[in-house]
Amino acid sequence: MPEETVHKQLQGKGVSRRDFLKLSGLLATAMGLTAVPPLEESGLPASMGVRAQASKMVARALETAQRLPVIWLNFQDCTGCTEAISRSVSPSLTNLVLNTLTIEYHETLSAASGFQVEEAKQQAMAKYAGQYVLVVEGSIPLANDGAYCVIGGRTAIDILKEAAAGAAAIIAVGSCASFGGLPKADPNPTDAKGVWELITDKPVVNIPGCPAIPEATAGTIAHFAIFGALPELDGLHRPMTFYGKTVHDRCLRRPFYEAGKFALSFDDEGAKQGWCLYKLGCKGPTTYSACATIKWDQGLSFPVQSGHPCLGCTEPNFWDGGGFYQGQSAPLNRPAAAAVGAAVGAGAALGIGTALVNNAKKKAKGEEK
């Protein structure tokens, strides 16, 4: 591993102790650290709140953690997940993650190419054997002996198995790498597979999405970089922090769903009033993702808020899962008034939270000027 700790790296770049603690707090929030070890194990005072405990834990880890080597492979993909994370709109988080990692290999982002960059990858895998995190973007085709994805004369499955052998953990980014994605859609001519179907002797975490939410990718990688372990996962190997709730659970349109108010076409009065899109095929109630809370473009919006039904892209086989824009019948039973009030309250809380985040970002930009 690189010898210098993350904290030392940041100090060398002029980051003060105060800013370091701020960054630790932001990273703890980004990783969803709401649970901490018992106080007697953490050694932290009982008077310290959970958020403060989480921030302190991250700070302690960064003071001893070394930079994490990352090897990023691209197979059957559109490079959308790389594009998403490279355009992250959370500068503080992005800067910390970049200071926490060393990207040893990435086809798209590497300055070198051809034999030079491939040799660098081989050297990195040998030097950091058993220590690096392998990030995979894109599905892996098996048909015709893997001929549908060949890089430098080698098939994707061959390259994947070689890199996976020396990895400490594997992170499949995007729906293609996680579950096969669009290449796997019927009739799946290339026999595309997700990483976890092929690599079974290593810990694999899936970050599905088309593309994956950049904060989910960055937060998961950072969690391993700081604590040396993957976060809590669900049955589909997705981080609970980002995939523990459905889009519907936190959707700003949910109060309309509970009230039985649905848009029946994309240009009717209900659509103009922001009513629920369930009858226009929205798969929010069955799709687990943080889209409704993290959103996109500085928390500006997400598909449902912008008037488009959720397509369920974080779920396996979403492309073939019942079709898009097909009307659904809303449940006849309605929740109790308390539940409706809770949904409205959740919407209000999300709105307040978004406003606070945006105000903080504006203030930070003003201080930079």
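What follows is calculated from the coordinates using simple rules that are stated; it is not laboratory data. Quick caveat, the model's predicted, so the values are computed rather than measured. When we count neighbours, we look across all protein chains shown, and the Cβ atoms used for this are built from the backbone with ideal geometry, even at glycine.
Give me Arg254, Arg67 sorted ascending by neighbouring Cβ count inside 10 Å, so fewest comes first.
Fewest-to-most Cβ neighbours within 10 Å comes out as Arg67, Arg254.
Hey, with R₀ at 45 Å, roughly what FRET efficiency would Ala120 and Gln273 work out to, going by the Cβ-Cβ distance, to 0.05?
The formula returns an efficiency of 0.20 here.
Too long at a 29 Å Cα-Cα cut-off: which of Lys193/Lys272; Lys127/Lys202; Lys184/Lys272; Lys184/Lys279; Lys193/Lys283?
As for pairs spanning more than 29 Å Cα to Cα, those are Lys193/Lys272; Lys184/Lys272.
Taking only C-alpha pairs under 8 Å that are 6+ residues apart, what is the relative contact order of region 67-243 in percent?
Computed value for region 67-243: 24 percent relative contact order.
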